[in-house]
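S.K.: Handing you a structure now.
The values are calculated or read from the model by the stated rules, or taken from the named source; none is laboratory data. Because the structure is predicted, anything quoted here is derived from the model rather than measured. Neighbour counts run over all protein chains shown; Cβ positions are idealised from the backbone, glycine included. Just so you know, the surface numbers come from the protein's heavy atoms only, side chains and all, with ligands and any DNA or RNA stripped out. Shrake-Rupley method; radii C 1.70, N 1.55, O 1.52, S 1.80 Å.
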Amino acid sequence: MLRYIFANDLDHYPRPRDTMFRDRADQFKARLGWDVSVTPSGEERDEYDALNPLYVIWQGPDGRHGGSMRLLPTTGRVMVNEHFGHLTGGKKIADPSIWECTRFCLARGAAPNVAGALMLAGGEVMRGFGIKQYVGVFDARMVRIYRMIGASPTIVGSMGEGRDQISVGLWGFSDDSRLRVAQRAGLSPEVSELWFWRAVGATSALSA
């Protein structure tokens with residue numbers, strides 16, 4: 001199932017929380033070799049995790065993290081402005097209708113539909129919070145994944161070539177996109193919407 005959890009509430013969900021940060025270490029440090037910090041307990045965390053982001057988490061039947069992503073409004077501190085301005089020509093992205101999506105993570109051995117489920121969940125957040133677009137930085141390997149999901153971004157800027165290329169992209173989410181992604185994720189749009197509103201009703205805030 002999909003969970004929507006603000007960082008301030010993560011302690012209420014210790015199993016998906018702990019396995020998410022460990023899976024992030026496995027993906028970004030061990031598998032991809034990114035220059036990220038890993039705690040002595042084997043968790044990957046950074047400064048943006050301290051800004052009360054909204055985490056979208058796919059939780060398996062055993063309670064473990066299967067995949068996740070992190071969302072923050074661009075009106076505050078975000079990675080694209082603080083670390084990747086060279087990809088946008090130095091133009092700062094700061095708009096209440098645009099949120100940043102980072103740390104898109106799939107657990108090792110995740111089911112094939114998890115990536116699509118996360119993208120569908122991102123669309124639920126957009127619909128529920130009145131967001132028009134997401135901005136995100138991604139590497140070349142993600143292009144195929146986005147195409148497979150049916151939600152390819154509009155490229156704002158790129159750097160590098162081949163497997164070393166990194167890009168900044170913008171995603172919208174139309175009704176047609178929602179239905180297409182839901183079909184590829186093998187999820188009912190109605191169930192996806194129900195999961196979102198159940199989570200939002202259980203939180204004390206509607207924004208990070």
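S.K.: Given (1) out of contact with any strand residue (DSSP E or B) (no Cβ under 6 Å at 6 or more places or on another chain); (2) among the basic types (Lys, Arg); (3) at positive phi, where does residue 108 come up short, assuming only one miss?
M.R.: Going through the list (1) out of contact with any strand residue (DSSP E or B) (no Cβ under 6 Å at 6 or more places or on another chain); (2) among the basic types (Lys, Arg); (3) at positive phi, residue 108 breaks only (3).
S.K.: Quick one: what pairs do we get from the stretch 123-137, first residue farther than 17 Å from residue 2 by Cβ and in contact (Cβ under 8 Å) with a residue 12 or more places away in the chain, second among the aromatic types (Phe, Trp, Tyr) and open to solvent by 30 Å² or more (accessible area, probe 1.4 Å), C-beta under 6 Å, 6+ apart or different chains?
M.R.: Qualifying pairs under 6 Å: 137/84.
S.K.: Follow-up question, since we're still on this one. I'd like the full set of residues that are in contact with a Lys or Arg (Cβ under 8 Å, 6 or more places away or on another chain), under 21 Å from residue 98 (Cα atoms) and small (Gly, Ala, Ser), limited to the stretch 111-150.
M.R.: Listed by number, the residues that qualify are 116, 123, 150.
S.K.: For the stretch 142-165: of the residues being hydroxyl-bearing (Ser, Thr, Tyr) and open to solvent by 30 Å² or more (accessible area, probe 1.4 Å), which is farthest from the chain's Cα centre (by Cα)?
M.R.: Filtering first and then ranking leaves 158.
S.K.: Please go through the stretch 1-47 and give me each residue that is among the aliphatic types (A, V, I, L, M), open to solvent by less than 40 Å² (accessible area, probe 1.4 Å) and in a helix (DSSP H, G or I), ordered by number.
M.R.: If the condition is that a residue be among the aliphatic types (A, V, I, L, M), open to solvent by less than 40 Å² (accessible area, probe 1.4 Å) and in a helix (DSSP H, G or I), then 7, 10, 20, 25 are the ones that fit.
S.K.: List pairs: first residue in the stretch 10-32 and closer than 17 Å to residue 56 by Cα and in contact (Cβ under 8 Å) with a residue 24 or more places away in the chain, second residue open to solvent by 20 Å² or more (accessible area, probe 1.4 Å) and part of a helix (DSSP H, G or I) anywhere in the structure, Cβ distance under 6 angstrom, at least six positions apart or on different chains.
M.R.: Close Cβ pairs (under 6 Å, with a partner that is open to solvent by 20 Å² or more (accessible area, probe 1.4 Å) and part of a helix (DSSP H, G or I)) amount to 10/17.
S.K.: In addition: Tell me, please, whether a residue that is outside any helix (DSSP H, G or I), aliphatic (A, V, I, L, M), at pLDDT 95 or above and in contact with a Lys or Arg (Cβ under 9 Å, 6 or more places away or on another chain) can be found in the stretch 96-108.
M.R.: Looking for residues that are outside any helix (DSSP H, G or I), aliphatic (A, V, I, L, M), at pLDDT 95 or above and in contact with a Lys or Arg (Cβ under 9 Å, 6 or more places away or on another chain), one finds at least one in the stretch 96-108, hence yes.
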